[in-house]
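Here's the structure we're looking at; comments come further down.
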Amino acid sequence: MDRRNFLKLAGLSGLSLMLPWGVSSQASADQATWGGPYLLHMHAGGGWDPTLLCDGKTTEPGTTPSYENKIVTAIENVNGIPVPSQGAGGAKFLLTTQNNPVEDPVHFFQNVGRDVLVFNGVDTETNNHDVGVQALACGHNNIELPALAALFAGQVARDRQVPMAFLASGYYNRTGDVVGISRFPGSKIELLADPFKGAPGEETGLLTDVGSRRILELRNQRLQSLEAQATLPRNKRTLAALRDASKSGDALNLLKSVAQGAPPPIDSFVNDLAPDTRAYLTSNTNPANPAQGVARFIDLGRPIETILRCFQAGVSVSATWAQGGFDTHAQHDTNQTAALGTFLARLRYTLLRAQQLGLRDKLYVLVTSDFGRTPKYNTGNGKDHWNVTSVLLVGPGIRGGRAIGKTDEGHKVLRLSKSNVAETVPDADTRGARLHASHIHRELRRVLGVDRAPFIGQFPLPSGEDALPLLG
Amino acid sequence: MRRTSGFLTGRGAWIAAALFLGPVAAAASAGCGGDDEAGPSGPSCVSTREYFTSQVYGRAMQACAGCHTAGGLADQQGAKFRMYRETYPDFVTANIDSIRDYAQLQVRDTPLLLVKPLGERQHGGGRVLAKDSEEYKILSKFVADLREGREQTCDAGDQLQVQSLTLKETARKASIVLAGRFAKEEELEAAAGEEGFDKFVLALTREELFYDLLREIWNDALLTERGLDAGVGGTFDNAPELYDDKNPGYTTENRQLATASITQEPMRFIEYVVRNDLPFSDVVTGNYVVANPYVARIYGLPHDQPMTPQSFLEWKRIELSPVQYTTQNGASKMTAMPTAGVLTTPAFLNRWETTPTNKSRKRARIVLKNFLATDIFKFAQRPVDSTALTSVQNPTSNSAMCSVCHKVIDPIAGGFRGFNENQLTRFDPADKWHDDMLPPGFNTALTPPESYGNAVMWLGAQIPRDPRFGVSVAQVMFRGLVGDEPLTFPQDKTTPDYEDRVRAFTLQNDWFVKVGAEFMAAKYDLRKLVLAIVRSPYFRAKSGDTTKDGLHQGLGQGRLLTPEMLGRKYRATTGLYFFQYEAARPDAARARDGFLRSDLVSDAEWRLVYGGIDSGDVTKRTDTMSPLMVATSQYTGALVACRATSYDFTKPKGDRRLFRYVDITTTPFTIRANAGAALVPVPDAEAKIRENIKYLFWRFLGENVEASSEEVTRAYSLFVDVWKDLEEKDLAGNGNGKGIGNYRCVADSDWDKAPRFEPDQNGYVRAVYDKLRPRTDNKAPYEPGMRLDRDENFTVRAWQAVVTYLITDYRFTHE
């Protein structure tokens, strides 16, 4: 059953109640826009240190402690999430960049991030960047499956002419050819919205109206003819992609509104920033000439702003986005807090701005990193690769404000009890299961409805692994 | 092929494997899994290598691979029998050799290899196969065949069962892809024969635009064009005037050109090697630098040209090792720095930066990937549990979980010893290396201590001796020319066409081994490697059995052109690049006399929108169309079509690229005096227009179609519909519909003549083209060479529509 028919049937039979996004997607399968839900996958590239964010640890006692942390001295339990709260010398723990406070993790999880579901003790089963990036994006360490964001967009794009269904600016963007990859076109968008005109507003186009119309008609006939003749896989694959991509046409006009939008005023965010970070985040990026700059928080949010506006305009279904700087083999404390600070500020921006744009109840945000960092410092005051990490998730129907999974004092995994995932058991206890990226992806596929996509059979998650009811 | 003596392992096996795959297959007995009736050239032929891959490795020995591959339990416990995962380059040869060697050991006349899997002779893994299982029978037969020298080879071309482009069609495609031009008819005719074809393709690799492509291909691999500021010269401290704005000699232009120079250095090195017919191995062994005057100044080396913009493209080989001049603690110090092709260029060293804890492993990873066909990230994929290693001292050396990769990567990383891990290009031969890593070396050889002062040169010298170098260079060039990644071994055994997929992988893998070995045997002649790729089914296959997708993975025309290639194809076929504003601009870093401008190359935003890379944030090209790319191809195509159509009509018929069978006055119907009159066809006009459309199908799309075909009829209907619409509107508007409305489509400049560069009224230097002569009398017939801004026959705009239709077609944007 294709998606369009499924939607019709669901509407008639009451099956729509089973769909997590309820009514919005049933508006009209023929429209060229998408009303939600949306998926944003944010990735901290290089391997973050979750012990500085949502799985807080302090240095263990003893001469050879199993875990070392020079910058966190106390942890606060925020709804079951262990969040670093106190830094060296007893001061409040803040994430800083060049000594400027950018984020306050406790404030985040108590306020803007109070709906965030935290998975701690996720075993990535790898210390390898590429494999970690892949595993967290697609749910499989060994087979390069399409990214979850691509699968979701591909499912929607089967029946809707969404022009930039999958907006790819992350590290892992494999599609399995279920959807095309799009990148935001910047200043070119006005030209592309009407490609047979030389420039917007010109009275005479490059072609006559008859010519433009006939070319598009003939092009469709030609594509059908070529597809009928195609016998080899590369032809079939690239022709199918071209056919799908050619459907969007007029919807590109919607991108204009995205490109032309002014940045939001900083005033609309001030009250939701952590008090200790307000002065810095509201300061101008160009103090010598403020008119040429913007508030730092707005500046940090730029890449996210474009994505959210594409969602709001209905021209995109999902997006990947990544920020680097987390591979802190040297000077870990300085470099990791800087990367984590800007990253968390961007997550804060995402959630606040989604609220302003009316997307908050339609937006899934998946937050991952390649893996974690070693419990101990290396000789360069850095921390190396560690296969234990954390994942954050927020979205409609996701019960947040809690943590699933734990690690021990040395940041080693505890297993989730198979009978009750809210509980953990020692790693040696076979009544438990180590939490892997595949478990989270299996659940997300279910929640997003991707597991019902007709193409999903081509992309199975690892077999021989128990499903864990992580999302209820 | 019946082996008559001895067993080959290691390097010899690589070469042997390549030779087995030669075009002339030796007479074969019934080989492994072979059919007595299946000759070496029949589609049902199953080679020993394919049988190994699909049946032995893919099935019978799956249980063995879990422990006997690098880092596995058996490997850790010192088992003599060793297997290689599919991520090991040419794992087929390595495994067959390993099995062949091990099969010589026997117990009571039975090979140990057939005893141990049954759980006998203290097999550490216990019983993994049952004696009556199909898997055991497969293994038994394979071992017996190897022991008795029964090995089957097959002709890969026949195995794929595809129809290919003719030599002439291939020549057309090759000229566009390789040299960015449309081949002349006489060239195509000459290339229709085997000998002429090779000669033609090799000649294409000597054309100027081939070197642009070459740099693009290798930058896709090495990504050094991300950019490096001239300030890196501070390491050498020879030319502060190029980066220090307080220096009296500093100019912004010099800094920009020095920045471009130091960024381009690795790709210019590669270009220099190929342009001068040097062995491609110089790319990693060359103990010289390739420098223009700016790079030479940064290094403190002499150059025979002055440091001026006009000399930017004077890339010369300089034999002297660069001499690094530094001031430390107030004392001057002259230090010789080793040179090993691109590996020691600042752009490479900075693009693949290191840290005191990374210890040049990133550089080693890139060396392995691009020069040794080894993706270390996929080398031993399996669960890694760091938490189990906390009691292991120095796990990268002492834990099999880590050392499986580190023992490969760490010795190569050691080749970069001496390069500072904080100031990336500063070199000190006395720098210590890391005691906690395996010592510098390559494969099983250790770097001799006397080479520690120039370990990277020793490393560079080893690389081209390894057969993986040939495979690796072949794979990089394959990616660039064919547009696909090499196939990977299929993982999902449940797919119905799994065996076909294994076969496709095996055939391609064997082909890489073959062309890689030939490339090395031909003294690393890259041109011959290019020819081998162009001749292969991966470049030429055009149709096949539609039910054989598994076997035909990666085959077929329809590779999405990169933005750079699309730009060149516009020019190759129409005479013009795509540009929004300027057809050319002075740019010393690209051409001595300015360069014709393809915005799909020069404008990063266009390049990225069309799926290109920036070598930093975006490093992988998009290989299928997105909606934005469709719109981009329509915008760029429409703009090129409108300009090129008008301009082509300003030329005498014999000089035209596009309209060789029609004139500007060739109308399908007689132009009417009033709208009520009937349309009267012009005798022979339709035939001429169709003939021209037929030619455009060949020129733009590489399709040989009949003038009466459905395809031509569609395009003809477009021509007529647009023509009728224009004529009707002109009549309705009392003759006011004859102008070419959009100024971009007016032919005003003589694009084919080289531009002059002159300052405009604001002082900006602009390209100035000769103007076409004015058409003063609009009532007089149009003559070639005149400005073309009127279209009184309605044919120019009708042809613009047809050309737009064709150059936005799938077969134009894909090759």
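No value in this document is a laboratory result; all are computed from the given coordinates. This structure is a prediction, so every number in the text was calculated from the model and none was measured. All Cβ positions, even for glycine, are placed from backbone atoms using ideal geometry, and neighbour counts span all protein chains on display.
Measure out, as a whole number of angstrom, how far apart the alpha-carbon centroids of region B:606-680 and region A:392-446 sit. Region B:606-680 and region A:392-446 have Cα centres spaced 57 Å from each other. Taking other C-beta atoms within 10 Å as the exposure proxy, A:Asp408, A:Asp244 rank A:Asp408, A:Asp244 from fewest upward. Rounded to the nearest 20 debye, the dipole magnitude of chain A is 1080 debye, with +1 charges on Lys and Arg beta carbons, -1 on Asp and Glu beta carbons, and the Cα centre as origin. With an a/c value of 1.5 or above and a/b larger than b/c for the gyration tensor axes a ≥ b ≥ c computed over the alpha-carbon atoms, region B:646-743 is described as prolate. A Förster radius of 25 Å combined with the Cβ-Cβ distance from B:Ala673 to B:Thr776 puts the calculated FRET efficiency at roughly 0.45.
The modelled label-to-label distance for the pair B:Lys432/B:Asp684, using points 7 Å beyond Cα in the direction of Cβ, is 9.1 nm. Suppose R0 equals 56 Å. What FRET efficiency, 1/(1 + (r/R0)^6) with r the Cβ-Cβ distance, do A:Ala291 and B:Ala144 give to the nearest 0.05? Calculated value: 0.10.
Classify chain B as rounded, prolate or oblate from the Cα gyration tensor: take a ≥ b ≥ c as the square roots of its eigenvalues, call it rounded if a/c is under 1.5, otherwise prolate when a/b beats b/c and oblate if not. Because a/c hits 1.5 or more and a/b fails to exceed b/c, chain B counts as oblate. With the simple model of a label 7 Å out from the Cα in the direction of the Cβ, B:Thr713 to B:Tyr581 spans 4.8 nm. A cut-off of 5 Å between modelled amide H atoms, ignoring neighbours fewer than 5 places along the same chain, links B:Ser164 with B:Lys542. In a fully extended conformation the segment linking B:Glu186 and B:Asp614 would gain 150.2 nm over its present Cα-Cα distance, using 0.36 nm per residue. Peptide B:723-736 has a mean shielding of 1, counted as Cβ atoms of other protein chains within 10 Å of each residue's Cβ. Quick one: Cα centre-to-centre distance for region B:511-580 and region B:251-291, in angstrom? So the two Cα centres are separated by 26 Å. Helix B:208-222 and the longest principal axis of the C-alpha atoms of chain B enclose an angle of approximately 40°. For A:His140, what is the net charge nearby, where nearby means another residue's Cβ is under 11 Å from its Cβ and Lys, Arg count +1, Asp, Glu -1? Local charge sum for A:His140: -2.
Karplus-based coupling profile of region B:85-94, in residue order and whole Hz: 5, 5, 7, 7, x, 6, 5, 5, 4, 4, with θ = phi - 60° in 6.51 cos²θ - 1.76 cosθ + 1.60 and x standing for Gly or Pro. Between B:Met477, B:Thr506, B:Ser451, the Cα set farthest toward the positive side of the dipole of region B:438-587 (charges on each charged residue's Cβ, about the Cα centre) is that of B:Met477. Between the amide H of A:His385 and those of A:Thr374, distances stay under 5 Å, these residues lying 5 or more places away or on another chain, with hydrogens modeled in the peptide plane. Which net charge results for the neighbourhood of B:Trp352, defined as the other residues with beta-carbon distances under 10 angstrom from its beta-carbon, given Lys and Arg at +1 and Asp and Glu at -1? So the surrounding residues net to +4.
Using helices alone, what [θ] at 222 nm do you get for chain A, with -39,500 (n - 2.57) per DSSP H run of 4 or more residues, divided over all residues and rounded to the nearest 500? It lands at -9500 deg cm²/dmol. For B:Phe757, the residues whose amide H sits under 5 Å from its own are B:Val768, ignoring neighbours fewer than 5 places away on the same chain, with H placed 1.01 Å from N. Couplings for region A:282-298, taken from phi via the Karplus curve 6.51 cos²θ - 1.76 cosθ + 1.60 with θ = phi - 60°, read 8, 6, 7, 6, 10, x, 5, 9, x, 5, 8, x, 9, 5, 4, 5, 5 Hz in order; Gly and Pro are left as x.
Once the C-beta distance of B:Glu605 and B:Thr547 is scaled by a Förster radius of 41 Å, the resulting FRET efficiency is 0.45 to the nearest 0.05. Of the residues B:Asn742, B:Val720, B:Met629, the one whose Cα sits farthest toward the positive end of the charge dipole of region B:563-813, with +1 on the Cβ of Lys and Arg and -1 on the Cβ of Asp and Glu, is B:Asn742. Assuming a ≥ b ≥ c are the square roots of the Cα gyration tensor eigenvalues, decide whether the protein assembly as shown counts as rounded (a/c under 1.5), prolate (otherwise, with a/b larger than b/c) or oblate. Verdict is rounded for the protein assembly as shown. Since only B:Gly227, B:Ala103, B:Ile463 are under comparison, the one whose Cα sits farthest along the positive direction of the charge dipole of chain B, derived from C-beta charges on Lys, Arg, Asp and Glu, is B:Ala103.
Just rank B:Asp497, B:Asp725, fewest to most, by other beta-carbon atoms within 10 angstrom. By the 10 Å Cβ count, ascending, the order reads B:Asp497, B:Asp725. Ordering of B:408-419, B:697-708, B:765-776 by packing is B:408-419, B:697-708, B:765-776, highest average first (other Cβ atoms within 10 Å, averaged per residue). Annotation: the antiparallel percentage among DSSP beta bridges lying fully within the protein assembly as shown is about 70. Phi-derived couplings, Karplus 6.51 cos²θ - 1.76 cosθ + 1.60 at θ = phi - 60°, listed residue by residue for region B:572-581: 4, 9, 10, x, 10, 6, 7, 8, 7, 10 Hz, with x used for Gly and Pro.
Magnitude of the charge dipole for the protein assembly as shown, about its Cα centre and with charges confined to Cβ atoms of Lys, Arg (+1) and Asp, Glu (-1), is about 660 debye.
By other beta-carbon atoms within 10 Å, ranking B:Thr153, B:Thr87, B:Thr53 with the fewest at the front produces B:Thr87, B:Thr153, B:Thr53. Taking a sphere under 11 Å around the Cβ of A:Arg278 and counting the other residues whose Cβ falls inside, with K and R at +1 and D and E at -1, yields a net charge of -2. Distance between the modelled labels on B:Asn276 and A:Glu203, one decimal in nanometres: 6.0 nm (7 Å Cα→Cβ projection). Compared with the dominant principal axis of the Cα atoms in chain B, helix B:167-179 is inclined by about 90°.
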